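Below: the structure, in structure tokens.
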Protein chains: 2
Amino acid sequence: MRTRASDASTPLARKLSPACAPSFPNRYGILPIGHDETALAVGKVRYIGDNVAAVAADTESIAEEALSLIEVEYEPLPAYMDPLDAMRAESDLIHDDRAHNIEKEYHHNFGDVDRAFAECDVIREDRYVCPAVNHAAMEPQSTLAWMQHDGNMTVWSSTQVPYYLQRTLAIVLEMPESSIRVIKAAVGGGFGAKSEVCPLEPIAAVLAKKAKAPVKLTYTREEVFYAHRGRPLTIIDLKTGVTRGGKIQAVAARVIQDGGAFCGYGPVTVLYSGNLLGAMYDITNVRYDGYRVLTNKPACGAMRGHGTVNVRFAFESQLDMLAHDLLVDPAEIRLRNMLQPPCITVNDLRVTSYGYPECIERVVEASGWRERKGKLPRGRGLGIAGSHYVSGAANPTNRSDMPHSTVTIKVDRDGAIVIYTGTSEIGQGCDTMQTQIVAEELGVRFDRVKIVSADTATTPVDLGSYSSRVTFMAGNAALRAARNLKEQILAAAAKKMSLPAEELECRSERVFWKNDERIALGFDDALKAALEFHGALTAQGSYAPPKESQGGKFKGAGVGPSPAYSYAAQVAEVSVDEETGQITVHKMWAAHDCGRALNPLTVEGQVIGSVSMGLGQALQEEMTWRDGFLMNPGLLEYRSPSAIDPASPEIECFLVETIDPEGPFGAKECSEGSLAASIPAIANAVYDAVGVRINDLPLTPDKILRALKQRRA
Amino acid sequence: MRTRASDASTPLARKLSPACAPSFPNRYGILPIGHDETALAVGKVRYIGDNVAAVAADTESIAEEALSLIEVEYEPLPAYMDPLDAMRAESDLIHDDRAHNIEKEYHHNFGDVDRAFAECDVIREDRYVCPAVNHAAMEPQSTLAWMQHDGNMTVWSSTQVPYYLQRTLAIVLEMPESSIRVIKAAVGGGFGAKSEVCPLEPIAAVLAKKAKAPVKLTYTREEVFYAHRGRPLTIIDLKTGVTRGGKIQAVAARVIQDGGAFCGYGPVTVLYSGNLLGAMYDITNVRYDGYRVLTNKPACGAMRGHGTVNVRFAFESQLDMLAHDLLVDPAEIRLRNMLQPPCITVNDLRVTSYGYPECIERVVEASGWRERKGKLPRGRGLGIAGSHYVSGAANPTNRSDMPHSTVTIKVDRDGAIVIYTGTSEIGQGCDTMQTQIVAEELGVRFDRVKIVSADTATTPVDLGSYSSRVTFMAGNAALRAARNLKEQILAAAAKKMSLPAEELECRSERVFWKNDERIALGFDDALKAALEFHGALTAQGSYAPPKESQGGKFKGAGVGPSPAYSYAAQVAEVSVDEETGQITVHKMWAAHDCGRALNPLTVEGQVIGSVSMGLGQALQEEMTWRDGFLMNPGLLEYRSPSAIDPASPEIECFLVETIDPEGPFGAKECSEGSLAASIPAIANAVYDAVGVRINDLPLTPDKILRALKQRRA
């Protein structure tokens, strides 16, 4: 079923005829501050792709025909396609309550920035521009909503956030949350695209409620691009000052993000940019002015590396230039600005484990950096960059009344241990992760543990899969549930073995006496004893980050503060064809501090995936617009890198294990943080190869050729 | 899909050609002692209806055709259609390991029976015969088994015992229980027919596993009768001795039950008959010899009033005759033999609440017994009888490693309280019952409480819906879970209200201070506080009957001992047409001691349903056999009473509330016990009307006419 406003002729924003009064006008949004969306447009459409009408029918062709019969009267309105234009607007605002079309702005000032700049030996100021990019997950969003005769609704959806979806549908449908059951179906990739409610979800639900029948809605690829929620076009004016010795004294950034027509996660994006900008190095003076601007384009949102990727590209590129100015090795200048954890950053982020120095060491060594940097033939170069990311947000701004993660466990009569968790497996492996944690804690075979996940009716609450929170939050909840179960089992075993419970331990399918492992009970016998002793065996664990990790006096900032931060360093080796401007990436060395690799294969997969996604954004990905129409709404035109692209080199991965004190078995983030380092590493390598610096992504051959030409002139 | 051996020509038991080797030979049974069934017959078929082959196909007609192409070579064997013949057999046994075709026999001797008889003033000895009757639930058994690609199986079935079915399928399919998910579908009546595994369940599972596809199997009505598991043909030789004053001194019974070809619940049936025979009156000398005999007919099993109905018919009829001999009023003779609870019966059953005297009082008064008995015109009469039943078995013989009932509760963010229970709603109202109990205990609106039940993957273990155990066992588990949740809520509320938790109470959607109800917190606020305080809210309760209720030194007897017993008394008013022998029941007065009526409407429904089922068995229901074929395998021929039948009179119901000390809010059995009183009440009324006594059911016109003729002669 198709529901695109683009069926209408002109691309401009427009007012709808009052005749078009939707029956579900309730506004919703992923953030409490941004309830500006409705199932179907009310009053006006704000971008091409905004939904004006929906039709449910027995067949797609009937639906198409019915849609073609719908006539919508439009009254054209001025439209804003450029964020700088949008910010100048005094009237004809995209949302009446958002002056100058600014959705949200943040101004941070840590330390004494002006005085610090005055004392700097070298200062650089540059503008960096990153285009809008889309997640391009292989699976388009799809939702099946079923209105039952008993007045309850069941919704299967490709969502990363079943509990947020449940809450949103309750608002839209005016039904209690508990009468809406959301089941996460198998998800073919999310990358953030499915971490907020997608328009098709309320639309399917609304149609199902009206039709009192099951309604399924699946986006075409074109609709996926128009639904978007990807990374915003970002304009970054960055100023960094250093001492002659290469110590960073001050950083000031003005960041404008082209957010599209609705709020979505936008304020979080611009906030992450500010909170993480200066936090991975030891910088005591940081100024940040961030603007999330509304335009008449599809709404942007969360995308892998949410908020950090574009500013990190700018920062690591500029730091590279400063190193060049100071004649300091780019790896060395980074090592001279390390944090000294455990520590609190200037903006109150608590850093407890910090593997960044080791990450740099590993890639420098593996790439032969010290021997080869500067000694490669003309046209070939090496570049280095770093990045970091959160292990979930310590202050979930969007659902303060929800615990972060809760996990319950039930033991079956045949000894199977069943985990119930609200987490959303979207391919990142969180079902496996929780199963491993429980099996490890109980000392039992992996295949003894089963898992039921992401079904609001039968699994306990979890905020969802985003901001790399799952391993840390749900992992800790699963660990606590397993410990709770272990206590009950050991209590019963102790009774049976006439030994004190505290002297017992479980391992290799046995419960044994710590003082003499030969005095043991088979795990099945221990379980049987526990089932008899307790009547039935269920256990629970929930986790919320400790107060100390919530960002102190800047906690108001909401996101940014995290119970733990991951770190990454990468070296890129590229060559540039000065005739064609074509960049070839020969190899990437990627080191990632993931705290503890609970499942090394999965962690490597996540790091490699992040690097590859970063390379796509560095070299070729870009959403291009004309008159409000997207020019490349298809995988063929959008061109994410495939395995045979120049942007798909060998990626050698190094896992750095710092064993975070708060993480489950020491684990922390691994799925997003690496992405941000890849882009500047490439840009820096290109500069090393041919001496040109491109500050607007992607690094396409035409830009390279233009820059080379300018340099020769 | 049809799988009847009756497609074969001759009715006799027969040996199968070895060619017919089934791929799932594992034996199963509902009782540990009786694993004698297989998904498809192995070696020989034992009755018409025994399953020899199964075919799964895309359409029923293809399956029918395929079945018609199956040729089975049979070698005829001697068959036993009569239990007395079967008991005489020395060879050609139905099961080689069951000498004389006796599945199980029980011999109890309580007190000094012979001496007691010697001291009696009046003794009667009579033989009573009750035919086989079928539950005739409106919905035929149906099962859908789905073998998933991941090696797990999901089975939807019309079962009263999802956890037993899960265990049985695990045995048959050789899969772990936890990889088999059993979901109870909506069930259109059980009455015991679905309280053990029905042949179609393993057959559907076996086909699904072979076909790696979903397989659905639904019985035709004819197949329902051939699957049977109903009440066995029972031959009762009963001897009762009394003093001149009408005090019962001794009872001796020899009971033979025609169990059909497999064990099923049979041993429980004959055991219940013995354990409950003498337990509702104060009788100190009881002898019981019970035989569960194998014959070449469909297996009998549990049916409403399991084990008590036929012996109660005999006992209450004979007691009526004794009253007549002694010229004591039939109501009076019963009142002279009441137990004096709290007490322990001669066979160690603990009686804590006993509303039988009051039940008699109520029906005697309502029916105008004292004024009208013996004063009605010729051909019209009144009869009285009593009955009792268990509130579940204190010792579950068939699953000692399972707790009786476990209930968990989860609180949703919108304040909905969700109950997870393994109990099987089969129309008796147990979902409503548990919802009421939780709402009552928490003092919240009924509609705030939701329930998820009978799904082995998501609900905690429960033995199932049989032996009237659910309200008592699961009701207590639900109550305990609610109390556990209440504690957590009050703990958080206490913190918020700065009051000690033990001084708080919940009622009418409020948490208030017991000393001053105006100091209160809305329940939603209390929940919110508790969710924040505990991270998440889940609670658990499980229940198993106390040791003292398990039957002391006779606990080995397994069933019979129960945590509480219900009692019933009924008066029937009938008239008999001496020309036609036609009996018309004008009215039934039915009093039932249900402890506490948690839902009076439901309890009345259960009592009325029981009486009506009893009337059917008293007047017209009977499975008739010829050469191993059932002569009336259809509702038209079998003739359960419909609303317009003579056996469907006005039924006036009286609920007697004794508030049992162990039951949830004082509740105990109400769904089965009344049935057993209806049959003797009718028989006694017929005697009162026309002075003839029919000892073999049903009381059909031809028997009445024959008896009248004999009396005249």
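The values are calculated or read from the model by the stated rules, or taken from the named source; none is laboratory data. All figures in this text were calculated on a predicted structure; none of them were measured in a lab. Because the Cβ atoms are built from the backbone with ideal geometry, glycine has one as well, and the counts that use them run over all protein chains shown. Only protein heavy atoms, including side chains, enter the accessible area calculation; ligands, DNA and RNA are left aside. Shrake-Rupley method; radii C 1.70, N 1.55, O 1.52, S 1.80 Å.
When shorter helices are ignored and each DSSP H run of at least 4 residues is given -39500 (n - 2.57), the per-residue value for the protein assembly as shown at 222 nm works out to -9000 deg cm²/dmol. What percent of all Cα-Cα pairs in the protein assembly as shown falls into each 20 Å bin, going from 0 up to the bin containing the maximum distance? Histogramming the protein assembly as shown at 20 Å steps yields 9, 30, 29, 19, 10, 3, 0 percent.
Of all segments of chain A bounded by trypsin sites (Lys or Arg not before Pro) found in a DSSP loop with no more than 14 other C-beta atoms within 10 Å, the longest spans A:515-713. Distances from A:D96 to itself in the other copies, using label points 7 Å out along the Cα-Cβ axis, amount to 9.0 nm in increasing order. For B:V122, the distances from its label point to the matching points in the remaining copies are 12.1 nm, ordered from shortest, with each point set 7 Å beyond Cα toward Cβ. For A:K247, a cut-off of 18 angstrom between C-alpha atoms picks up these aspartates and glutamates, skipping any fewer than 8 places away in its own chain: A:D112, A:D114, A:E119, A:D121, A:E125, A:D282, A:E316, A:D320, A:D325, A:D329, A:E332.
Remark: relative contact order (region A:134-223) = 42 percent; criterion is Cα-Cα distance under 8 angstrom and separation of 6 or more residues. Its relative contact order, with pairs defined as Cα atoms under 8 Å and 6+ residues apart, puts region A:41-179 at 8 percent. Annotation: lysines with alpha-carbon distance below 21 angstrom to A:K668 (same-chain offsets under eight excluded): A:K547, A:K555. With 0.36 nm allotted per residue and the present C-alpha distance subtracted, the B:A186-B:I70 stretch has 38.3 nm of extension available. The average projected area of region B:381-471, computed from the convex hull of its Cα atoms over all directions, is 9.0 nm².
Checking the Cα-Cα distances for A:K209/B:K410; A:K373/A:K587; A:K104/A:K703 against a 21 Å cut-off, the pairs over it are A:K209/B:K410; A:K104/A:K703.
Entry note, chain B: relative contact order of 15 percent, from Cα contacts under 8 Å with a spacing of 6+ residues.
With 43 Å as the cut-off, how large is the P(r) tail for chain B, expressed as percent of Cα-Cα pairs? When every Cα pair of chain B is considered, 28 percent fall beyond 43 Å. Considering only chain B, the C-beta nearest to the rotation axis that sends B to A is found at B:T458, 2, the distance in whole Å. Using every pair of separate Cα atoms, the Kirkwood estimate puts the hydrodynamic radius of region B:189-276 at 16.4 angstrom. For B:H35, B:H135, the ranking by accessible surface with the largest value first comes to B:H35, B:H135, using a 1.4 Å probe.
Shown for A:E637: label points 7 Å from Cα along the beta-carbon vector, and their distances to the equivalent points in the other copies, 7.4 nm in ascending order. Relative to one another, the C-alpha centroids of region A:129-178 and region A:348-398 are positioned 37 Å apart. Apolar share of the accessible surface for the protein assembly as shown: 51 percent from carbon plus sulfur atoms, 1.4 Å probe. Under 12 Å of direct C-alpha separation, and excluding same-chain neighbours fewer than eight residues apart, A:K528 reaches these aspartates and glutamates: A:D412, A:D414, B:D401.
Mind jotting down the distance between the C-alpha centroids of region B:481-531 and region A:213-288, whole Å? What the calculation gives is 45 Å, centre to centre. Given +1 at the Cβ of Lys and Arg, -1 at the Cβ of Asp and Glu and no other charges, the dipole of the protein assembly as shown around its Cα centre is 1100 debye to the nearest 20.
Projected over all directions and averaged, the alpha-carbon convex hull of region B:506-625 occupies 16.5 nm².
Is there a simple number for the mean count of other chain Cβ atoms within 10 Å of the Cβ of residues in A:158-167, and what is it? Before the final figure, lay out the partial values.
Numbers: counts 0, 0, 0, 0, 0, 2, 0, 0, 3, 2.
That works out to 1 on average.
Give me the number: length gained by fully extending B:E503 to B:K703, i.e. 0.36 nm times residue separation minus the C-alpha to C-alpha distance, one decimal in nm.
Result: 65.2 nm gained on full extension.
Among the helices of chain B, those built from whole DSSP H runs whose Cα atoms reach 20 Å or more along their own axis and whose mean Kyte-Doolittle hydropathy is at least -1.0 are B:309-326, B:470-497, B:600-619, B:675-690. Volume per residue for region A:74-146 equals 272 cubic angstrom (convex hull of Cα atoms).
Calculated accessible area for the protein assembly as shown comes out at 35 Å² per residue, all protein chains present (probe 1.4 Å; ligands, DNA, RNA ignored).
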